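Worksheet: one structure, shown below.
The values are calculated or read from the model by the stated rules, or taken from the named source; none is laboratory data. Since the model is a prediction, treat every value here as computed from it, not as a measurement. Cβ sites come from the backbone with ideal geometry, for glycine too, and all protein chains shown count toward neighbours.
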Amino acid sequence: MTPEIRAVADRFILDTANLKYLATALPRGGLEREVPDFEWSVRQLLGHLVASLERYGELSRAFLESGEAPANLDPTEFNGKTAAATRKTTLPALLARCDTALSGLLGLLAEMPEDAADRAFGRWRFGDALDSWSKHTVHHGIDLVDAVEELRLDPMVLNWVLHADFSAHPASLARQQHLLAEIRDRFAGDGDDWDDEDGWEEGEDEAL
């Protein structure tokens, strides 16, 4: 892989791992929570992300085999069909599909000719299309956190969505900064308990 494609592959791996963690950390009934500003449940949004990962592999394979970008890249119809199809899909089934899709896509990226990223993919470079696709999941990470209040203090989830680079997307950046401010306020309200009688003191074994 070229460094550019290695970075894309690493992002797919990282974000898919975080998505799977988030999905398995949902509280009871969390899959049926409504996602704000969407007409989807959390289950359907997870289904959308899994189906998108599958589609990226299909589009990439078709492009690498034919040398031409697929004619229809409009996501509207695809998103509608996916939401309907995953309305009752079980979480284990979604996670299994996710693993299969990621494995297939990574295999394609590993075998891709070094010049493929610079080939024209419609109005984009193919490498730019891959880069955009690889950032799709984390953008929906904030949607999932908004839908499931219990995830807003989960360290793994916060580490994921608060470290994402949304500088090119003002709306997502504003939501990220709002979440960060909310988390800071919550921890500030809890106070600093390190000086409490039962807290850690200098000289204690830090390995405990």
Could you figure out which of (1) of a type in the set (S, T, N, Q); (2) over 21 Å from L162 (Cβ atoms); (3) in contact (Cβ under 8 Å) with a residue 24 or more places away in the chain isn't true of T76? (3)
Does any residue of the stretch 135-154 turn out to be touching a Leu at 6+ places or on another chain (Cβ under 8 Å) and basic (K, R)? yes
Taking the stretch 37-61 and keeping only residues that are touching an Asp or Glu at 6+ places or on another chain (Cβ under 8 Å) and either among the small types (G, A, S) or over 20 Å from A84 (Cα atoms) (or both), one is left with S41
Need the failing condition index for T100 against (1) surrounded by 12 or more Cβ atoms within 10 Å (Cβ to Cβ); (2) under 20 Å from F38 (Cβ atoms), just the number. (2)
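Okay, residues lined up against (1) surrounded by 12 or more Cβ atoms within 10 Å (Cβ to Cβ); (2) under 16 Å from the mean Cα position of the chain (by Cα); (3) small (G, A, S); (4) at pLDDT 95 or above:
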| residue | (1), (2), (3), (4) |
| --- | --- |
| E150 | yes, no, no, no |
| L179 | yes, no, no, no |
| A188 | no, no, yes, no |
| D192 | no, no, no, no |
| E197 | no, no, no, no |
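Here's the yes/no breakdown for (1) part of a helix (DSSP H, G or I); (2) of a type outside the set (D, E, K, R):
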| site | (1), (2) |
| --- | --- |
| K20 | yes, no |
| L26 | no, yes |
| D37 | no, no |
| R43 | yes, no |
| L49 | yes, yes |
| E54 | yes, no |
Here the residues within the stretch 20-72 that are within 28 Å of D128 (Cβ to Cβ), among the charged types (D, E, K, R) and free of Cβ contacts under 8 Å to residues at least 40 places away in the same chain are R55, E58, E65, E68
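Rundown of residues vs (1) aromatic (F, W, Y); (2) modelled with pLDDT of 95 or more; (3) farther than 30 Å from V42 by Cβ, yes/no style:
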residue: T82; (1), (2), (3): no, no, no
residue: A93; (1), (2), (3): no, yes, no
residue: C98; (1), (2), (3): no, yes, no
residue: L102; (1), (2), (3): no, yes, no
residue: L106; (1), (2), (3): no, yes, no
residue: E114; (1), (2), (3): no, no, yes
residue: R123; (1), (2), (3): no, no, yes
residue: D131; (1), (2), (3): no, yes, no
Got at least one residue in the stretch 132-144 being under 23 Å from L22 (Cα atoms), among the hydrophobic types (A, V, I, L, M, F, W, C) and without any contact (Cβ under 8 Å) to a residue 24 or more places away in the chain? no
Scan the stretch 66-88 for residues that are farther than 13 Å from F121 by Cα and part of a helix (DSSP H, G or I) and jot them down. P75, T76, E77, F78, N79, G80, K81, T82, A83, A84, A85
Determine whether T76 is surrounded by 14 or more Cβ atoms within 10 Å (Cβ to Cβ) and β-branched (V, I, T). no
Out of all the residues in the stretch 1-48, which are buried (at least 19 other Cβ atoms within 10 Å of the Cβ) and of a type in the set (D, E)? D15
